[in-house]
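Step one of this worksheet: look at the structure below.
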Amino acid sequence: MPLPLLVVGTGIWLVLVWILLPRLRGPAALLFMVLSARYLVTFYHDYTTRPLFGGQSLNSFVTLGITAACLFYSRRDLIRYRAILPVYGVIVALLVSGLLNMDFTGTLNALIRQFLFLGLMILVATAIDAEPNDGSVSRLMLAAFVVPLCYQLMSVVFRLGKASESDGSISYMGGYVHEGVFSILLLTALTIIALSGGLTWKRRTVYMAVIFVALFLANYRTSVIAAAPILLMHIVFGSANTARAGLANYVRAGAFMLAVIFGALMAVLLSQRMADLGTLLTSGGGLIKPPSEFGTEDRGLLSGRILIWSDYIYTTLRSDVSHLIFGFGPDSWQQVFSIYAHNVYISYIYEIGFVGTVLFLYMLGHFLWLAFSARPDKRWYLVGAHLCYGVLCLGTMPTFSIEGVLFYAVICGYTLYYYLAERVQSKHVMPRNNVRPFRLARARSLRRPRGLPDGTRPVAPTNTRKRTPVR
């Protein structure tokens, strides 16, 4: 993206901040700044990824800053809820694997991402709980995606696309660092729209259609497929909620049929991009074999993902028992492989072993179970969001990118809030939001006035005449 267009986008962000300034307060303000600042800085990746001090770039300092801000704000709730304990299991697995392999740099980077996820998840839940009725927090979070969409529109208007794969397809992502990372950003916006409580179903449908078109222009196959569960839950269950009593089941059935027809049409339009999926499904596990046995056609399946997966799997299986159990260390793939695994589950088997992968899968299943136990009006939206993340982990690495960490933190933040809202009978489910307007001493002073400096008590006013109200 040319620098003048980047400056225009920054100007749009400054105007947006000026407009939203009266509403930027409390946890919602921090949430907006975390999302929008991270996204804006990444558009300048040609400049912000250069080393500045101690070998660290501006992107690294921004990440450290937002991690510290989220942890500081959420410090009182980091160990308050049993619902977030599985996150600490993954943190322990990362730490043990890193110490056993003496890989401190990769371990530190992985731990920073995990603590960012933990702090932002609690921040999202706290911000929603602060104003749970009007949905203003969700609208404020959506404002963080205005600038990325403007950048993408600029790339479409000025034909600033990127050739993503060998088939000649073009990705329009506004100059972002990678089309896969940009599509995760769009999935985050899609999730917030689906879970927003301050938007009508029709308006959410329009917003989601805009985001889906943006996903289509980003041209990242994995994210397009991953968006299907959220869209399906919105169409099937959201449309039924707007119907009259007694017609909900008919509306759900009709919406499901329309969703199937729409999915079939999209499959036809994207038949060239989706052809490899049919080959994968028909071949089953026969394609997972030693990399030396791959032919020319097999190497190009799913943009080379099958070959990459096989390389990771067979490298792990040929190692010793300790590496099978605890892995080679967080982010250790960078020292051995030229490209990341494009699959979180396979990558984690190599990085943190089978023990760490089991703990990670338990964390995913735990938050999915919380989604099933959440408030009924948001339950299936949350389930769709978790299924979206699970599918995304099959074809890319959201755990390795900060955008992916933000995405899952938003999902789990909504899940934590609506899970607690189903069980806590209070206006606010987060303790820090249940703050009394007056301190105890101040309340007593209002009930029992203190004496005057000379020791006498204050005298009641003598003018007790009734005043005639003004009509």
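Can you tell me which of (1) touching a residue at least 24 places away in the same chain (Cβ under 8 Å); (2) under 13 Å from Met141 (Cα atoms); (3) over 18 Å from the mean Cα position of the chain (by Cα) is the one Leu35 doesn't meet?
The failed condition is (3).
Run down Gly98, Gly89, Gly174, Gly119 and say which single residue is touching a residue at least 24 places away in the same chain (Cβ under 8 Å), assigned to a helix (DSSP H, G or I), small (Gly, Ala, Ser) and over 22 Å from Leu370 (Cα atoms). Before the answer, list the steps.
Numbers: Gly89 fails: over 22 Å from Leu370 (Cα atoms); Gly174 fails: assigned to a helix (DSSP H, G or I); Gly119 fails: over 22 Å from Leu370 (Cα atoms).
Checking each option against the conditions leaves just Gly98.
Kindly indicate which of Phe400, Phe337 is over 20 Å from Ile230 (Cβ atoms), under 22 Å from the mean Cα position of the chain (by Cα) and outside any helix (DSSP H, G or I).
Values: Phe337 fails: under 22 Å from the mean Cα position of the chain (by Cα).
Selected residue: Phe400, the only one of Phe400, Phe337 that is over 20 Å from Ile230 (Cβ atoms), under 22 Å from the mean Cα position of the chain (by Cα) and outside any helix (DSSP H, G or I).
Output the number of the condition that His366 fails; it satisfies all remaining conditions of (1) outside any helix (DSSP H, G or I); (2) modelled with pLDDT of 95 or more.
Going through (1) outside any helix (DSSP H, G or I); (2) modelled with pLDDT of 95 or more one by one, His366 breaks only (1).
How many residues, within region 327-349, are farther than 14 Å from Phe400 by Cα and of a type outside the set (A, V, I, L, M, F, W, C)?
Residues of region 327-349 that are farther than 14 Å from Phe400 by Cα, as a first pass: 327-328, 335-338, 349.
Add one more test, that the residue is of a type outside the set (A, V, I, L, M, F, W, C), and what stays is 327, 335, 338.
Number of matching residues: 3.
With the requirement that a residue be closer than 18 Å to Leu186 by Cα and surrounded by fewer than 20 Cβ atoms within 10 Å (Cβ to Cβ), what does region 14-40 give you?
Matches in region 14-40: Met33, Ala37.
Would it be correct to say that Ala385 is closer than 13 Å to Ala226 by Cα, modelled with pLDDT of 95 or more and not polar (S, T, N, Q)?
Numbers: closer than 13 Å to Ala226 by Cα: yes; modelled with pLDDT of 95 or more: yes; not polar (S, T, N, Q): yes.
Answer is yes for this residue.
Which of the numbered conditions does Asp46 fail, given that it passes all the others? Conditions: (1) in contact (Cβ under 8 Å) with a residue 24 or more places away in the chain; (2) part of a helix (DSSP H, G or I); (3) among the charged types (D, E, K, R).
(1)
Please indicate, with yes or no, whether at least one residue in region 308-317 is charged (D, E, K, R) and either in a helix (DSSP H, G or I) or under 19 Å from Pro398 (Cα atoms) (or both). Can you show your working first?
Taking region 308-317 first, the residues charged (D, E, K, R) are 311.
Going one step further and asking which of them are either in a helix (DSSP H, G or I) or under 19 Å from Pro398 (Cα atoms) (or both), we end up with 311.
Looking through region 308-317, at least one residue is charged (D, E, K, R) and either in a helix (DSSP H, G or I) or under 19 Å from Pro398 (Cα atoms) (or both).
Determine which member of the set Gly119, Gly106 is under 17 Å from the mean Cα position of the chain (by Cα) and surrounded by 17 or more Cβ atoms within 10 Å (Cβ to Cβ). If you could, list the steps in order and put the result at the bottom.
Numbers: Gly106 fails: under 17 Å from the mean Cα position of the chain (by Cα).
Only one candidate qualifies: Gly119.
Checking the structure you have, find out if any residue of region 319-334 is surrounded by 15 or more Cβ atoms within 10 Å (Cβ to Cβ), touching a Leu at 6+ places or on another chain (Cβ under 7 Å) and at pLDDT 90 or above.
Yes, there is a match, as at least one residue in region 319-334 is surrounded by 15 or more Cβ atoms within 10 Å (Cβ to Cβ), touching a Leu at 6+ places or on another chain (Cβ under 7 Å) and at pLDDT 90 or above.
The values are calculated or read from the model by the stated rules, or taken from the named source; none is laboratory data. None of the values given here were measured: they were computed from a predicted structure. Ideal geometry is used to build each Cβ from the backbone, glycine not excepted, and the neighbour counts take in all protein chains shown.
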